[in-house]
Every structure is written in C-alpha cells, then in structure tokens.
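The values are calculated or read from the model by the stated rules, or taken from the named source; none is laboratory data. All of these numbers come straight from a predicted model, not from anything done at the bench. Here the Cβ is made from the backbone with ideal geometry for all residues, glycine too, and neighbour counts use every protein chain on show.
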Amino acid sequence: MAVMSNKNDEPRYRAVPSGRAARLGQFGRLAAGVGGGMLAEGARRLATGEVPRMSDLLLTPGNVGRLAERLSNLRGAAMKLGQMISMDAGDLLPRELAQVLARLRDNAHHMPPQQLQQVLGAQWGTDWRTRFRQFEPRPIAAASIGQVHRATTRDGRLLAIKVQYPGVRESIDADVDNVAALLRISGLLPKELDIAPLLAAAKQQLAEEADYAREGEQMMLFHRLLADNQGVVVPSLDKEFTTSSVLAMSFVDGQPIESLAQAPQATRDTVMTKLIAIVLRELFEFGVMQTDPNFANYRFQPDSGRLVLLDFGATRAVAPETALAYRRLLAAGLGEDRMAVRDAAVAAGFLGQVAVDGHGERVDGMIDVILQEMHRPGPFDFGDRGFVGTLREQGMAIASDKAAWHLPPADILFTQRKISGTALLAARLEARVDVRALARAALTL
Ligand SMILES: Nc1ncnc2c1ncn2[C@@H]1O[C@H](COP(=O)(O)OP(=O)(O)O)[C@@H](O)[C@H]1O
Ligand SMILES: [Mg+2]
C-alpha cells in the first residue's frame with residue numbers, strides 16, 4: 001500500500017460506504033460501468049470487422065480500470081481479495097487484469113476526518129484526544145481495510161495505529177460472493193471448478209483479518225518467536241489502545257522493501273536469505289505462518305540492516321499434513337528424484353491424478369526443469385527467470401484440458417501464497433540465495 005510520503009500527494013478522502021445499500025449501490029454501478037464498457041467495445045470491434053469474444057470484451061483495459069476503481073472505492077474485503085488474486089495469480093491472469101488488480105495495492109482512499117473521529121470516538125471514548133500528546137490526522141499509510149496513523153501518547157510512546165473502516169466485517173461474505181461472481185462473468189473461473197470450499201476459506205480468513213484484537217495476539221506471538229533473531233523487528237502490541245477494530249503497536253521506522261532493489265547485491269542476498277529462513281521456520285518449526293506476502297508488509301532499516309515484519313492479520317496455523325507435504329516435496333527435490341517429486345505433488349494436492357495420467361510427459365518435463373534449476377551449482381539466482389516461461393507454457397498446455405483442472409486444498413493454497421509471494425519478492429530484488437542449504441537445514445527442524 002502506498003505510503004503517503006510525498007507531501008504534494010494529497011490523500012484522497014472519500015467516505016467509505018458502510019451501509020449495505022450503499023455497498024450494493026457500488027456494485028450496481030460497477031456492473032453498469034463494466035456492462036457499458038462492454039457494449040462500447042463490442043460496437044467498436046464489430047465496426048472494425050472483428051468478432052468479439054465475451055472474455056475479450058470484459059477484459060478491456062477500460063473495463064479492468066473500472067473494476068479496479070470500484071473495488072478500491074468499495075475497499076473492505078473486496079479490495080483485500082483483489083490484492084490476493086493479483087498477487088497469487090499474477091503470472092496466470094491476462095496482463096491487463098493483473099496490472100489493474102495490482103493497482104489496488106497502491107490505490108486506496110482515506111476516511112475523511114469526521115468519519116475517523118466517529119470511529120475512534122466509538123472505540124476509545126469521545127475524550128480520546130486527551131490521551132495523546134500528538135495524533136497525526138493525516139494517515140501515514142493506506143491499508144486495505146483500514147488506515148494507519150502515527151501518534152504519540154501522553155507518556156511518550158510512539159505508536160502506529162491501524163484504524164479499520166466501518167462496515168468491513170459485516171460486508172465480507174457479500175463482498176467475497178460479489179468478487180467471485182465478477183470473476184465468473186469475466187470467464188476467468190470455469191464452471192468445472194468447485195470453488196465453494198475456497199470461498200468459504202476466504203471468508204473465514206478475511207473475518208479473522210478484520211479482527212484486530214486477534215491480529216494483535218498473532219503479532220505478539222511472532223514478536224516472541226523471533227525475539228532471538230537480531231536481524232528482524234516485529235512491532236510490539238500496545239494493549240491500552242487496541243480493540244477489535246483498532247490495532248495499536250510500536251511505530252517501527254523503515255523504508256519500503258522494494259527500495260532495496262538499488263542496494264548492493266550482498267545486502268539483497270542477506271535480506272532474502274533471512275526472510276526465506278523465517279518462512280521455513282514458520283512452516284516446519286513454528287507451525288504458524290503469516291500468509292500475506294504483500295511487499296508492503298516488509299520494510300527495511302538501512303542503518304541497522306534489519307528487516308521489519310508487519311501485518312499479522314493473515315496468520316494461520318499450518319496443518320501438520322501441510323507441513324509434511326512440503327517436507328516430502330523438498331526432500332524429493334533435494335534428492336533429485338523426479339518420481340518422488342511427482343508423487344509428493346499429487347499427495348499435496350498441487351497436481352490432480354488426471355493431469356498426471358493424461359499429461360505425464362509434460363508434467364515430468366516441468367519437474368525436470370525445476371530440478372535442473374534447483375541443482376545448478378552455486379546459489380539460486382531469483383533474478384534469472386528464464387525457466388518460468390517454459391513452466392508457464394507447459395502449465396498452460398495442461399490447463400487447456402479442463403478435465404485436468406484441479407484446486408489444491410485451501411490450507412496448501414494459503415501456504416503456497418506465502419511461498420510464491422516470497423519468491424516473487426526475491427525475484428524483484430534479484431537476490432541470490434543458497435536455497436539448497438536452507439532447505440537441507442529446514443528438513444532437520
Ligand atoms: N508498526 C508500524 N510501524 C510503521 N508503519 C506501519 C506499522 N504498521 C503498519 N505500518 C504501515 O501501514 C501499512 C499498512 O499496514 P498493514 O498492517 O500491512 O495493513 P493491512 O492489514 O491492511 O495490509 C504498512 O505497509 C506500513 O507502511
Ligand atoms: Mg499489509
């Protein structure tokens with residue numbers, strides 16, 4: 001999420017629609033906007049002699065822009081979901097849609113001051129200002145279901161305070177259903193795929209993310225689990241000001257993690273090695289994982305070289321069978337055993353048996369590519385993404401057979417979301433990491 005560091009960059013204040021009717025109205029306008037765009041584009045294509053396809057019509061940049069614009073006005077769960085999809089399926093979605101969904105990450109609006117006052121008054125009592133030496137009225141960051149303010153308490157504690165938009169919790173179920181409906185009409189979700197379990201998991205996860213008291217507990221859990229790690233900082237909870245819709249914590253200084261892209265290779269390598277080691281500990285040692293690898297959840301302190309970890313709303317317990325599935329995959333990969341990798345991938349639910357039976361050669365080809373990359377001498381170079389194209393091509397070829405479509409269990413998907421997001425960050429930073437050594441060490445955890 002964009003940090004409003006640029007003084008000229010005035011935040012866009014717009015009241016968050018919180019009533020049910022207001023939110024439905026947002027979706028109505030979205031549908032009308034997309035529909036209108038569709039007609040216009042259809043007419044243009046017909047006029048130029050092209051036969052329009054439904055999915056092309058829906059995915060014009062204009063429509064995608066409208067979709068993103070509406071989702072960001074709606075905020076709440078719809079926006080969080082948009083972020084999830086763009087991050088997870090970024091490599092698979094049509095480029096226009098991926099781009100504009102990604103825009104959601106930087107495109108939030110803020111509560112106007114009166115609405116903020118209302119929310120805080122209800123949470124802290126109307127005299128809350130007397131408890132602060134200073135409360136910066138202008139948010140330092142926009143979040144998906146809230147906004148973050150910096151404040152100093154009477155006794156001098158410097159806090160970051162995440163304030164949730166009103167109405168978020170009540171709208172989660174409807175928002176998830178609405179986004180699913182939008183994806184379906186866009187042709188991105190084939191009817192063959194049973195996404196009901198996934199939608200249920202998304203609703204549950206979003207409900208948990210909207211409970212800031214729970215997030216505070218998870219943050220303290222990580223604070224304790226990582227207390228021995230001098231290289232990372234996790235904010236500490238401020239219980240006095242935390243409620244279910246206000247999360248108060250120590251303010252932690254830092255720069256956006258992407259700013260590291262300009263840092264020396266060794267710095268990028270060290271930071272990513274540290275981060276990947278933590279992900280492996282979450283999976284194999286802690287049994288809990290922060291599953292939201294949005295880049296804005298990581299920051300960097302140039303002076304101390306420390307990595308800042310933020311946002312523990314998406315923390316989940318890792319099921320023992322999920323950890324075991326990854327253990328088997330890693331062991332098979334380290335052993336360069338193609339058949340064992342294939343079996344482990346099927347057992348984990350990454351691959352359906354139909355795909356293996358019908359497209360065995362392609363599947364084996366993909367595994368070979370991965371094994372070859374994994375076992376090249378030297379550290380793994382995340383910046384060298386040449387092989388991803390091959391994998392995508394083969395994956396798409398398999399995916400063209402709808403019978404082979406297969407959805408991994410939700411628990412695996414959430415875990416995988418963290419792993420792919422971490423790899424994406426490593427790729428963005430073009431880091432080189434000795435992944436084999438980390439994996440070998442992790443298997444002894
Ligand atoms: N403790 C903190 N110290 C400094 N900045 C913070 C802190 N917590 C959050 N922020 C800022 O607010 C942004 C959004 O917070 P985050 O918890 O990630 O919200 P969300 O759950 O909506 O993603 C972060 O990316 C960061 O810029
Ligand atoms: Mg976040």
- Top-ranked residue in the range 290-316 [being farther than 15 Å from Ile419 by Cα and out of contact with any helix residue (DSSP H, G or I) (no Cβ under 8 Å at 6 or more places or on another chain); ranked as nearest to ligand 2 (Cβ to nearest atom)]: Val308
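Matching residues to (1) touching a residue at least 12 places away in the same chain (Cβ under 8 Å); (2) in a loop (DSSP other than H, G, I, E, B); (3) among the hydroxyl-bearing types (Ser, Thr, Tyr); (4) closer than 18 Å to Leu280 by Cα:
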site	(1), (2), (3), (4)
Met396	no, no, no, no
Ala403	yes, no, no, no
Leu407	yes, yes, no, no
Asp411	yes, no, no, yes
Thr415	yes, no, yes, yes
Ser420	yes, no, yes, yes
Glu430	yes, yes, no, no
Leu438	yes, no, no, yes
Thr444	no, yes, yes, yes
- When only residues in the range 248-304 that are within 16 Å of ligand 1 (Cβ to nearest atom) and among the acidic types (Asp, Glu) count, which is surrounded by the fewest Cβ atoms within 10 Å (Cβ to Cβ)? Asp303
- Note on the structure: Only one of Ala399, Ala403 is out of contact with any helix residue (DSSP H, G or I) (no Cβ under 7 Å at 6 or more places or on another chain), at pLDDT below 90 and surrounded by fewer than 17 Cβ atoms within 10 Å (Cβ to Cβ), namely Ala399
- Task: Just one of (1) in contact with a strand residue (DSSP E or B) (Cβ under 9 Å, 6 or more places away or on another chain); (2) within 16 Å of ligand 1 (Cβ to nearest atom) trips up Leu120, so point out which.
- Result: (2)
- Task: Identify all residues within the range 342-373 that are over 15 Å from Arg328 (Cβ atoms) and in contact (Cβ under 8 Å) with a residue 40 or more places away in the chain; write none if there are none.
- Result: Gly352, Val354, Ala355, Gly358, His359
- Does Val271 qualify as being at pLDDT 95 or above, in contact with a Leu (Cβ under 7 Å, 6 or more places away or on another chain) and either part of a helix (DSSP H, G or I) or more than 16 Å from ligand 2 (Cβ to nearest atom) (or both)? yes
